[in-house]
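Asker: If you scroll down you'll find the structure; I have some questions about it.
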Amino acid sequence: MSVSTEGAVTKAGARRNRGIAAATGVTGAVLLALGVSVEPGDTSFYIFTFTLAIVWVIGSLLTARSRTFGSIGEGKMLRDVGWGLAGGLALLVVFLLGAAVVARIDFLAAPVEELLAHARFGALPVVAAITVINGVTEEMFFRGALHESIGGGPMRHLIGTTIIYTIVTAASGIPLLALAAMSMGLLAGWLRQTTGALLAPIVAHLTWSMGMLFLLQPALDLWRAI
């Protein structure tokens, strides 16, 4: 990273970081699209999704430093974990209730259930591990490096990272996943700005994503049965 003698990122360094962030986002979108397109149980799903996590990490390291767990050193770990849990659980409840609508609309439910089928027909522990790893690495990149690469004030950081996160996720071709990215982007972005670190966004992301992995299909089945 190019820095001045005072440690600030130079204009050339900022342009370089934005270029790396853009390339990382495009690569991530392609890998995501490839991963969700494979048949449930196909081992290439694991290859694409693990590679995706590696791309987020490399993009984060090359783009900018991120205060990933800064709150731990500042003695605010419990606060940030609590905020992350509360935010992640609130968003999870919203989506599980929203499943009542999704369950009755085939073009929304079908791609989601096909994605969830990777957990049923594949190795559930591996899928759960992928969910955790990608949740952490996505936050490292989008609310970490990308957040720090976007110029302007807090609102521009929040809106910019959310829009880019939503566009990248939309490459999956799954409408509900794009909506989830927008919702998580706003929540995680707000937590990132409020706490000044990535611990709360990571906890929120993992709480929501693991809850969706294990509870969304039962919720869809329940709403259909009612």
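The values are calculated or read from the model by the stated rules, or taken from the named source; none is laboratory data. Nothing here was measured: the structure is a model prediction, and the numbers come from that model. Neighbour counts run over all protein chains shown; Cβ positions are idealised from the backbone, glycine included. Accessible surface is based on the protein model in full, side chains and every heavy atom, while ligands, DNA and RNA are left aside. Shrake-Rupley method; radii C 1.70, N 1.55, O 1.52, S 1.80 Å.
Asker: Keeping every protein chain present and rolling a 1.4 Å probe, give me the accessible area per residue for segment 117-226 in Å².
Answerer: 38
Asker: So, one more: In degrees between 0 and 90, to the nearest 10, how far off the longest principal axis of the chain does helix 11-37 point, with axes built from Cα atoms?
Answerer: Between the helix axis and the principal axis of the chain, the angle is about 10 degrees.
Asker: Each residue of segment 184-192 in order: what ³J(HN,Hα) in whole Hz does its phi give by Karplus 6.51 cos²θ - 1.76 cosθ + 1.60, θ = phi - 60°, with x for Gly and Pro?
Answerer: 5, x, 5, 5, 5, x, 5, 5, 4
Asker: Highest mean first, what order results for 194-206, 120-132 on Cβ atoms within 10 Å? Numbers along the way, then the final one.
Answerer: Working: 194-206: 24.5, 120-132: 15.6.
Listed from highest to lowest mean packing, they are 194-206, 120-132.
Asker: Go ahead and collect, in residue order, the members of segment 128-155 whose backbone nitrogen is under 19 Å from a label point 7 Å along the Cα-Cβ direction of PHE214.
Answerer: 128-136
Asker: Same structure, new question: On the protein heavy atoms, probe 1.4 angstrom, tell me the percent of accessible surface of segment 117-169 carried by carbon and sulfur. Could you put the intermediate results ahead of the total?
Answerer: Details: 1620 of 2090 Å².
Solvent-exposed carbon and sulfur of segment 117-169 make up 78 percent of the total.
Asker: Next question, about the same structure. Local charge sum around GLY35 (other residues, Cβ-Cβ under 14 Å, Lys/Arg +1, Asp/Glu -1)?
Answerer: Values: positive: none; negative: GLU39, ASP42, GLU114, GLU138.
My count for the surroundings of GLY35 gives -4.
Asker: Turning to a different aspect of this structure: If the viscosity is 0.692 mPa s and the temperature 37 °C, what Stokes-Einstein diffusion coefficient in µm²/s follows for segment 78-226 when Rh is the Kirkwood radius over Cα pairs?
Answerer: Stokes-Einstein gives a translational diffusion coefficient of 209 µm²/s.
Asker: Right, here's the next one. Of the chain, which part is the longest with no GluC sites (Glu not before Pro) in a loop (DSSP not H, G, I, E, B) and with at most 15 other C-beta atoms within 10 angstrom?
Answerer: That gives 75-226 as the longest site-free run.
Asker: Peptides 149-156, 186-193: what's the order by average Cβ count within 10 Å, highest mean first?
Answerer: Values: 149-156: 12.9, 186-193: 23.0.
By packing density, highest mean first, the sequence is 186-193, 149-156.
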